[in-house]
Amino acid sequence: MTVRVLVADDQEIVRTGLTMILNAQPGIEVVGEAADGRRAVELARRLRPDVCLFDIRMPGMDGIEATRAVAGPSVADPLAVVVITTFDLDDYVYAALRAGARGFLLKEAGPALLAQAVHAAAAGDALIAPSVTTRLLKAFADAGPAAPPKQPIEALTDREEQVLVAVARGRTNKEIADELFITLSTVKSHITSLMTKLGVRNRVEIAMWAYETNRTRTRG
């Protein structure tokens, strides 16, 4: 199946470049472009793309607001959003993840990583493998969450704790399966259970919860 993508960036040269790169990738098609956040939200709601690729800094409505509008906690049928930024420690990135983004990329990311992020988001996954992503999450977790992390509705099993830490460290489902000697379907079941128990919607939020509760430290 072809992954339909909406690209939003206020810089025409960047927007054009992203569109050209994505359209050149097998199984990906850019179905819309926007130069600001408001237009991005309008197109996202009308076109219902598989993935929205939003720049963080846009005029009128920035990428955080746009992300919250189409993927936030109050959205009944959220879209998959990947945010892009120029700086790997941009303060806005963490807020965008909080707003519902499934991951983020640097604008300097190559075609392969860009395509990987799009396919991952379309599949309901999240690109948190690059070291920059986990480093950013850790940096903000060290600074302390805006509010105390909520407790799981049910205690996590030992295996779920292992999967939790692996997700926070950026491991893919296949890597987790190989590390823990379990099947891919079992990994997916554990991740689904984690989302239910933690009250989160994707693995980026799982990772943030793990960092905020110091799970990654206590387990090496």
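The values are calculated or read from the model by the stated rules, or taken from the named source; none is laboratory data. All figures in this text were calculated on a predicted structure; none of them were measured in a lab. Cβ atoms come from the backbone with ideal geometry, glycine included; neighbour counts cover every protein chain shown. Please note that ligands, DNA and RNA were not included when accessible areas were found on the heavy atoms of the full protein model with its side chains. Shrake-Rupley method; radii C 1.70, N 1.55, O 1.52, S 1.80 Å.
A few notes on this one:
- Each semi-axis of the equivalent ellipsoid for the range 14-116 is √(5λ) with λ an eigenvalue of the Cα gyration tensor; in descending order they amount to 19, 16, 13 Å.
- Size-normalised alpha-carbon gyration radius of the chain, reference 2.2 N^0.38 Å: 0.99
- Part-to-part distance (alpha-carbon centres) for the range 29-98 and the range 165-202, which is given in Å: 26 Å
- Taking all protein chains together and a 1.4 Å probe, the residues HIS119, HIS190 rank HIS119, HIS190 from largest to smallest accessible area.
- Top positive-direction residue, dipole computed over the chain with Cβ charges, set VAL200, VAL31, VAL83: VAL200
- Carbon/sulfur fraction of accessible area - the chain, other protein chains in place, 1.4 Å, %: 53 percent
- Per-pair calculated FRET efficiency, R0 = 41 Å: GLU42 and SER189 via Cβ, rounded to 0.05: 0.65
- Rg/Rh for the range 173-220, where both radii come from Cα atoms and Rh is the Kirkwood radius: 0.99
- For the chain, size of Cβ-based charge dipole, Lys and Arg +1, Asp and Glu -1, in debye: 460 debye
- Helix-derived mean residue ellipticity, 222 nm - over the chain, DSSP H n ≥ 4, -39500 (n - 2.57), to 500: -15000 deg cm²/dmol
- Contact order relative to length of the chain, as percent, for alpha carbon pairs under 8 angstrom and 6 or more apart: 15 percent
- Overall form of the range 1-64: oblate. Here a/c, set by the Cα gyration tensor axes a ≥ b ≥ c, is 1.5 or more, and a/b is not larger than b/c.
- In the frame of its principal axes, the range 145-213 has Cα extents of 35, 22, 19 Å, reported largest first.
- Assigned charges on the beta-carbon of Lys, Arg, Asp, Glu; the range 145-213 dipole about Cα centre (debye): 220 debye
- For the range 20-60: relative contact order, % (alpha-carbon pairs under 8 angstrom, 6 or more apart): 35 percent
- Distant-in-sequence amide contacts of ALA80, defined by a placed amide H-H separation under 5 Å and a gap of 5 or more residues or a different chain, comprise CYS52.
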